1. So which residues in region B:122-158 are outside any strand (DSSP E or B), in contact (Cβ under 8 Å) with a residue 40 or more places away in the chain and among the aliphatic types (A, V, I, L, M)?
2. With respect to A:K38, determine if the residue is part of a helix (DSSP H, G or I), at the interface with chain B (Cβ under 8 Å from one of its Cβ atoms), open to solvent by 80 Å² or more (accessible area, probe 1.4 Å) and in contact (Cβ under 8 Å) with a residue 12 or more places away in the chain.
3. Pull up region B:117-153, narrow it to residues that are among the basic types (K, R) and buried (at least 18 other Cβ atoms within 10 Å of the Cβ), then point me to the one that is nearest to the other protein chains (Cβ to nearest Cβ).
4. Out of the residues in region B:67-84 that are closer than 24 Å to B:L211 by Cβ and among the small types (G, A, S), state the one that is surrounded by the most Cβ atoms within 10 Å (Cβ to Cβ).
5. Does B:S169 count as open to solvent by less than 10 Å² (accessible area, probe 1.4 Å), at negative phi and within 14 Å of chain A (Cβ to nearest Cβ)?
6. Test each condition in (1) within 14 Å of another protein chain (Cβ to nearest Cβ); (2) touching a residue at least 40 places away in the same chain (Cβ under 8 Å) for B:A45 and report the one that comes out false.
7. Quickly run through region B:25-51 and pick out the residues that are open to solvent by less than 30 Å² (accessible area, probe 1.4 Å) and assigned to a loop (DSSP other than H, G, I, E, B).
8. Does region B:181-203 contain at least one residue that is within 14 Å of chain A (Cβ to nearest Cβ), β-branched (V, I, T), surrounded by 17 or more Cβ atoms within 10 Å (Cβ to Cβ) and out of contact with any helix residue (DSSP H, G or I) (no Cβ under 6 Å at 6 or more places or on another chain)?
Amino acid sequence: MEFHQIRYFLALARTLNFTRAAEACNVTQPALTRAIQKLEEELGGPLLHRERNLTQLTELGRATLPYLEKIYVAAEATKAHAASLLKQETATIRVGLLPSVSARTIVQPLSEVARRIPGLEVQMMQARQGDLIQQLNEDALDVALLADDGELPERLNRWPLFRERYDLVCHADHRLAGLAAITLAELAAEVFVGRQMCPYENCLRKAATDTGLKLRFVHSCATEDQIARLVAANLGIALVPEHLGVPAPLVRLPLPSPGVERAIVVATMHGRRHTSAVEHFVRLNRVHPFAPGAKSASKPVEHSIAG
Amino acid sequence: MKLGQRLEQFREGSRQRLGPVVFGVYDQFIAHLRDSGFTDRCLKAGDRLPEFALPNAEGRMITSQELLARGPLVISFFRGDWCPYCSMELQALSEILPEINLAGATLVAVTPDTAGHPLRTKQRFGLQYEVLSDVDNGLGLRFGVVFLVPDSLRTAFGLKGIDLAQRHSGGGLFLPIPATYVCDATGTIRHADLDPDYRRRMEPDDLVELLAGLRVDRV
């Protein structure tokens, strides 16, 4: 496949008119037609129905269009990115994180972008999922790390970053810390420190309800620090994502099977033009994603359960 | 044993293992690429190397300009370490790395794989050269080496548990033909080894010889 073939096809898909597409691409119509024919030959079928007054995309044309758009943008980007790194432009990355996602997940790609673009400004924001999506929508954010709950709007580009499990966290002196295995029945006897608007607590709640048990989420917190403080003060137990550090005197315990998991994606708004800094950042995240289980500088206190 | 012989041996074993139907799917598609004149439209000797900036396996950005500043550049497009032929080639290139470096050249391997796969590939084979991730096949398209993977092939990959959409973090509809490009330090392509048959690769000894020739040119 050739870069210009894709460019011609994208113009044709936009205009649905050979004359106008040729004009848009600044080539003669026969040259455009030949290039499209070659592309169709290679892709193994017609991309367009050519009728006298009506040009329409075929099923193959419609099915491959979004992918051809993507590869075209990527090809343009490889060139623009090289140029931008050489120019050492200044740039801003506005990145949004959920309260339950540590900035540790993105510091490596951020520091690499900063190394290449010394004038980089990072603006980090923290908000709940709905607010982050709204800010992406309103162009108040360039990129956000979101939990893929299966309900992300279609207009968001998203790429998987990492999957992680949720653990239980309690005070080291808590009775649960001494148990060999924790059951839902044990959890039903406890008081939980809840996280506001947390869908994963609902997963656990539902697992309990399905077996006729009721979990008591009594307290409610807005930040991870608040949760850690209340658990450390022995006001209750809580859920904690795998990648977050657990400071002493707290300990981490596995949830009863099947547990709770979430997928974190890096998301941008579809169709928006981003600076090279943002594009580099997303690419770096996609290539070398964060591993939640990896050892961090601030070692979480791990608790091993006998048996 | 030459890489070509090793690939040939593997290919024969694979032909017997897979049987004529599955093997035929691959053969048919290779014939289709050949008949459509695919390689005629790829970059060739005499063309300029497209400028690029791509992330490497360790999460750093690498630019073509920095690579060329070190001297001649060898770019080897490969599909991913899920492909046994690619794996054999990556290891064969690893064996001749000292000779490549002795010729003053730099070797980079380029794959559309993402999501930690490039690093795993490096670690798996102990590669001491850069493995760059061509995210969404953008560089591959600029070289013209990318093709649309047909349904028949995607089905065959799926049966082997190869999930291109996961490996490419989205899409997974395109792959490069394996291609080896040799550029001189000015960024002019001096040699392009292209074959739509992914089971055939440039012989590492030929690459070393070619680089020695470039060195003589410079003197």
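The values are calculated or read from the model by the stated rules, or taken from the named source; none is laboratory data. What you see is a predicted model; the values in this text were computed from it and never measured. Quick reminder, even Gly has a Cβ in these numbers, built from the backbone with ideal geometry, and neighbours come from all protein chains shown. Side chains are part of the model used for accessible areas, which takes the heavy atoms of the whole protein and leaves out ligands, DNA and RNA. Shrake-Rupley method; radii C 1.70, N 1.55, O 1.52, S 1.80 Å.
1. Hits for region B:122-158 are B:V135, B:L139, B:V145, B:L153, B:A156.
2. On the way: part of a helix (DSSP H, G or I): yes; at the interface with chain B (Cβ under 8 Å from one of its Cβ atoms): yes; open to solvent by 80 Å² or more (accessible area, probe 1.4 Å): yes; in contact (Cβ under 8 Å) with a residue 12 or more places away in the chain: yes.
For A:K38, the condition - part of a helix (DSSP H, G or I), at the interface with chain B (Cβ under 8 Å from one of its Cβ atoms), open to solvent by 80 Å² or more (accessible area, probe 1.4 Å) and in contact (Cβ under 8 Å) with a residue 12 or more places away in the chain - is met.
3. Initial filter on region B:117-153 (among the basic types (K, R)): B:120, B:122, B:124, B:142.
After this cut, where a residue has to be buried (at least 18 other Cβ atoms within 10 Å of the Cβ) as well, the list is B:122, B:142.
Details: B:K122: 11, B:R142: 5 Å.
Among those residues, the one meeting the criterion is B:R142.
4. This residue is B:S76.
5. Values: open to solvent by less than 10 Å² (accessible area, probe 1.4 Å): yes; at negative phi: no; within 14 Å of chain A (Cβ to nearest Cβ): yes.
It is false that B:S169 is open to solvent by less than 10 Å² (accessible area, probe 1.4 Å), at negative phi and within 14 Å of chain A (Cβ to nearest Cβ).
6. For B:A45, the exception is condition (1).
7. B:S36, B:G37, B:C42, B:L49, B:P50
8. Of the residues in region B:181-203, the ones within 14 Å of chain A (Cβ to nearest Cβ) are B:187, B:194, B:196.
Pick out the ones that are also β-branched (V, I, T) and you get none.
No: region B:181-203 contains no residue that is within 14 Å of chain A (Cβ to nearest Cβ), β-branched (V, I, T), surrounded by 17 or more Cβ atoms within 10 Å (Cβ to Cβ) and out of contact with any helix residue (DSSP H, G or I) (no Cβ under 6 Å at 6 or more places or on another chain).
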